[in-house]
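The values are calculated or read from the model by the stated rules, or taken from the named source; none is laboratory data. Values in this document were obtained by computation on a predicted structure and should not be read as measured data. Reconstructed Cβ throughout: ideal geometry from the backbone, glycine too, with neighbour counts over all protein chains shown.
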Amino acid sequence: MDEEIRKTLIQLIEEKKPENTEQLITSAKEKLSLPEQEIIRNILQLQNEGKITLKKSSSSTSFRAYLESGAARWYWIIIIIAATTILIVCAVPENSFPLNYIRYVFGAVFVLFLPGYCFTRALFPKESQNKNDSASRIDSVARLALSFVLSMALVPLVGFLLNYTPWGVRLVPVILSLFAITGIFGTIAVFKEYQYKIKNLK
């Protein structure tokens, strides 16, 4: 199995000509249905054997490159869904049938899932790969369940705090606050995932 992975990695280097390790990992994840840790392990072994030589991205641009890679695709999907929800809620009147159903669907995902998902991802920034690593002890099902539970905890807290501000608990302050929370936790999560990847490449 490892031999097939290494052959695929060498083939990707010849075909795609990645400039650094991060680009090779991104290409390998698209072609191989393997955990990132497994890909990194094989890349390191090939480098130790002298079969491949890759550069690491410079620290000043590597996080930006990570954001532009496929590994951060989930982050941009979350931001796009959240921004689309705000536009729909503001543009579609509540009594406009049948468009109001689109508003309800996006609103439900925005309120009941996105804040908790980003918060969960910030707490557990990677999928379960290593049982000895406490940061890994969560799988996709647990992440999904925690996303709903934490959303139902965060949203009332946002409403409670807004009640003591000049804006009060109104539609626009609530959705903007939830968008801010989703964006902040999502950014923390994607940065922690980036740090984990850099740590494994060292």
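Return a yes/no flag: does the stretch 109-122 have any residue that is in contact (Cβ under 8 Å) with a residue 12 or more places away in the chain and closer than 21 Å to Glu14 by Cβ. Working first, answer last.
First pass over the stretch 109-122, keeping only residues in contact (Cβ under 8 Å) with a residue 12 or more places away in the chain: 109-122.
After this cut, where a residue has to be closer than 21 Å to Glu14 by Cβ as well, the list is none.
No.
Scanning the stretch 169-190 for residues being touching a Phe, Trp or Tyr at 6+ places or on another chain (Cβ under 7 Å) and among the hydrophobic types (A, V, I, L, M, F, W, C) gives a total of 3.
Counting only helices (runs of 4 or more DSSP H) that fall entirely inside the stretch 1-116 and contain at least 2 residues that are among the acidic types (Asp, Glu), the qualifying elements are 2-16, 21-31, 36-48.
Looking across Thr26, Thr8, one residue alone is closer than 18 Å to Glu193 by Cα and in contact with a helix residue (DSSP H, G or I) (Cβ under 8 Å, 6 or more places away or on another chain). It is Thr26. Screening Arg121 against (1) modelled with pLDDT of 95 or more; (2) in contact with a helix residue (DSSP H, G or I) (Cβ under 7 Å, 6 or more places away or on another chain) leaves a single unmet condition, (1).
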